[in-house]
Amino acid sequence: MNLALAIRRVIAALLLVITVSAAAFVLARLAPGDETTSDFIAGVDPATIARKRERLGLDRPFAVQLATYVWGILRLDLGESARFERPVASLVAERGANTARLAFAALLLATVLGLPLGVLTGAHARWWGSRLIAVMSIAVLACPPLVAALGLLYLAVSTGWLSAAPGHLFVPALALGLPVAASLERLQSQATRDAMAAPDLLAAAARGIPPRRLVWVHAARQSLRPVLGVYGIVIGSLFSGSLAVEFVTSWPGLGRLMYDAVRAGDVRLVAGCVFAGGVCLAVGNLVADGLRAWADPRVRETA
Amino acid sequence: MRRLAAWVLGGCAVLAAAAPWIAPNDPVSLFADRAFAPPMAWHLRDAEGWHAPFVYRQQLTDRISRTYVEDRQQRVPLRWFSAGRVVAIDPGAGPLLWCGADALGRDLCARLLHGARLSLGVALLGACGALLLGAILGAAAGAAGGRFDTVVMTVADFVLVLPIVYLVIVLRATRPLVIDTAEVFVMMSILFAIAAWPDVARGVRAIVATERTRDYAEAARAAGAGPVRLIGHLVPAAYGFLRVELVLLMPALLVAESTLSFVGFGFDGASPSWGGLLKDSETLTAMYSAPWLLLPAVALFVVVLALQALSGAGATISPGVRRASAVDIAAPRR
């Protein structure tokens, strides 16, 4: 990949993450109350509250707070969480890793399940199995992660086939990954079918290349490009979908942390969560773009 | 398929619009003896033979395990078009619960119908807002070109890679926890419009930018059309795209709304949307003993499925028009 272009993309992503975190910091500050409101309601004595405000920098003007915060981000110091009384960076890294693990497992599942099935249904459009798979895909496609997670949990409760125990990766990954698998299957199916109808594939078939090789090597390579193109979108949707899944299956990810932070009015933690979310998304997008550039030489010059 | 989907969606819209008359009960009234009451069944015949549709009165037999039995002694006939409702029963026989009741003994059917107004309404309004914003900005960018075009498209690219869900939560958090349903409605629609316009703008810009070079646009310009008037001539070329985009945006926003409400940053509390209703079904015990609380999820599934069928996503179950494919040459059909 073009090195200068890659560097430019990384810098743009960094700027984006910093801007978004700073914006989240400002917005969260606009919310009524601050980190000491709950202490105030609980009747903690004023001196303690004043000490806490000083420690969190709340006694200084807002512009100074913001500047300190942005300067902190540049050194990867996200401040201290008022709610958990721990550095935000370590807290966010821990939960962010959980969310990333969930998203990665879902993506892996979707890829392993969706792409081969898509090639199969695309190459054998008239086989009854393909139609069955297509119908199932369309049904699963209409299950957003929230519905899929609740459905799987209901299945687990009523049949005992799956483990609904919190901390188990399988159910959340399935809930998040199945809809993505379905959309990848549909896409790969269409792409394979288009590739099979292209003149060069017809010529290859006429020259007597065996059908299996034709489908799994020649057509698969051509259909890679449109499919890899959606991986950036898929990563974004995994990320927003994981919020619902984390809540339903009690997965200790970023989404839950964000919820706690917003409810507690913990500004630095809110901004930290947005920072982590932005980083995950940016990394995902960069990887997706890299893959696309690898699969399609044309992207390397223009993107 | 498409016709069926359109009928389903139209039916949902009518049910939502007419919710106060169709719902047999008020969505917020609490029926003390009906906590976790199961859905009532229609009956047409009993030991005495056939009758007009009727139900049996529910009776709470065990308060601890919340067991209900049907009182088979007496039929309770359905009364059509009485007391301002499409269908109701004699108030003395207790509430009419088509979809069962939640933990507080509220009628789930009524709550579903009223929730549909919020869920579908926000999705529709948000999608329309996104279309409007995207069409205006995209058309302006495509018609103007140059620096303005670059700025608008850069902003669009920027919005596309934002961690939208988190930002929406942060924005929601800037308002007090408990706010008016109407305010949530407006706020959510605006947020969705802001989050979703870039896709629309990209498409409209591409269409307008190509239309701009065509002869009719040149003719309009030669006839003295100003920039605004010119855009007015160019935009109709994007109507088809906008229609498709509306059907594509609706399910996405519906899902986004239900997720936010489910998590607790949307419509919850007294008048929840479908996502807010699902919060009650989340616990394993509720799921086990009152699976009808998952009905909002079923409603979401049906509406999203219908919208997808309407948009033609994955409409390739049937192979349709037959094209020459490499498979035919390589593996002739037996």
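No value in this document is a laboratory result; all are computed from the given coordinates. Fair warning: this is a prediction, and the values are worked out from it, not measured in the lab. Using ideal geometry, Cβ is built from the backbone for each residue, glycine included, and neighbour counts are taken over all protein chains shown.
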Practice prompt. Would you work out the relative contact order for chain B, in percent, from Cα pairs under 8 angstrom that are 6 or more residues apart?
Written response: 20 percent
Worksheet item: Can you pull out the cysteines in chain B that have no other Cys Cβ under 4.7 Å?
Response: B:CYS12, B:CYS128
Item to complete: Sticking with the crude label model, points 7 Å out along Cα→Cβ, report the distance from B:TRP21 to A:GLU85 in nm, one decimal please.
Response: 6.1 nm
Item to complete: Check every DSSP H run in chain B and write down those whose alpha carbon atoms cover 30 angstrom or more along the long axis and whose mean Kyte-Doolittle hydropathy is -0.5 or greater.
Response: B:108-144, B:181-211, B:239-263
Discussion item. Compute the distance from the alpha-carbon center of segment B:67-107 to that of segment B:114-136, in whole Å.
Written reply: 34 Å
Item to complete: Using a Gaussian network model of chain B whose springs link C-alpha atoms within less than 10 Å, name the residue from B:PHE241, B:PHE192, B:PHE158 with the highest mean-square fluctuation.
Response: B:PHE158
Practice prompt. Could you work out the relative contact order of segment B:40-96, using alpha carbon pairs under 8 angstrom and six or more residues apart, expressed as a whole percent?
Written response: 25 percent
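So which trypsin sites (Lys or Arg not before Pro) in segment A:81-178 are both in a DSSP loop and have at most 12 other Cβ atoms within 10 Å of their Cβ? Spell out each step's value before the answer.
Details: sites: A:ARG83, A:ARG95, A:ARG101, A:ARG126, A:ARG131; in loops: A:ARG83, A:ARG126.
For trypsin sites (Lys or Arg not before Pro) across segment A:81-178 that sit outside H, G, I, E and B with at most 12 neighbouring Cβ atoms in 10 Å, the list reads A:ARG126.
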Worksheet item: How many nm is it between the label spots at A:THR37 and A:ALA6, if each spot is 7 Å from the Cα in line with the beta carbon?
Response: 4.6 nm
Worksheet item: Residue farthest toward the positive end of the dipole of chain B, with Cβ of Lys/Arg at +1 and Asp/Glu at -1: which of B:ALA130, B:SER261, B:VAL69?
Response: B:ALA130
Response to the item:
Partner shielding of B:253-264, taken as the mean number of other chain Cβ atoms within 10 Å, equals 5
Item to complete: Would you tell me the mean number of C-beta atoms belonging to other protein chains that fall within 10 Å of each C-beta in A:243-249, as a whole number?
Response: 5
Worksheet item: So if we plug the beta-carbon distance of A:TRP128 and A:TRP216 into 1/(1 + (r/R0)^6) with R0 = 22 Å, what FRET efficiency do we get, rounded to 0.05?
Response: 0.55
Worksheet entry | Simple Cβ-charge dipole of segment B:32-131, Lys/Arg +1 and Asp/Glu -1, about Cα centre, in debye nearest 20 | 200 debye
Worksheet entry | Dipole in debye (nearest 20) - segment B:40-96, about Cα centre, beta carbon charges: Lys, Arg +1; Asp, Glu -1 | 160 debye
Response to the item:
For chain A, the charge dipole (Cβ of Lys, Arg +1; Cβ of Asp, Glu -1; about the Cα centre) points to a positive end, and the Cα of A:MET196, A:LEU115, A:ALA6 closest to that extreme belongs to A:MET196
Worksheet entry | Residue-averaged beta-carbon neighbours from other chains (10 angstrom radius) around B:281-288 | 4
Fill in: Total charge dipole magnitude, the protein assembly as shown, about the Cα centre, Cβ charges on Lys, Arg, Asp, Glu only, Debye to nearest 20
1920 debye
Item to complete: Considering the options A:TRP216, A:LEU66, B:VAL87, tell which one lies farthest towards the positive end of the dipole of the protein assembly as shown, charges being +1 on Lys and Arg and -1 on Asp and Glu at the Cβ, about the Cα centre.
Response: A:TRP216
Item to complete: Using a Gaussian network model of chain B whose springs link C-alpha atoms within less than 10 Å, name the residue from B:ALA201, B:ALA47, B:ALA19 with the highest mean-square fluctuation.
Response: B:ALA47
Worksheet item: Each residue of segment B:264-272 in order: what ³J(HN,Hα) in whole Hz does its phi give by Karplus 6.51 cos²θ - 1.76 cosθ + 1.60, θ = phi - 60°, with x for Gly and Pro?
Response: x, 10, x, 8, 9, x, 5, 10, x
Worksheet entry | Using alpha-carbon coordinates, inclination of helix A:46-56 to the longest axis of chain A, degrees | 40 degrees
Worksheet, complete the sentence: Most fluctuating of A:TRP251, A:TRP216, A:TRP128 in the GNM of chain A (C-alpha, under 10 Å) is A:TRP128
Practice prompt. Let me have the relative contact order for chain A, percent, based on Cα pairs under 8 Å that are six or more residues apart.
Written response: 30 percent
Worksheet item: For chain B, what is the calculated [θ] at 222 nm in deg cm²/dmol (nearest 500), taking -39500 (n - 2.57) for each run of four or more DSSP H residues and dividing by its residue count?
Response: -18000 deg cm²/dmol
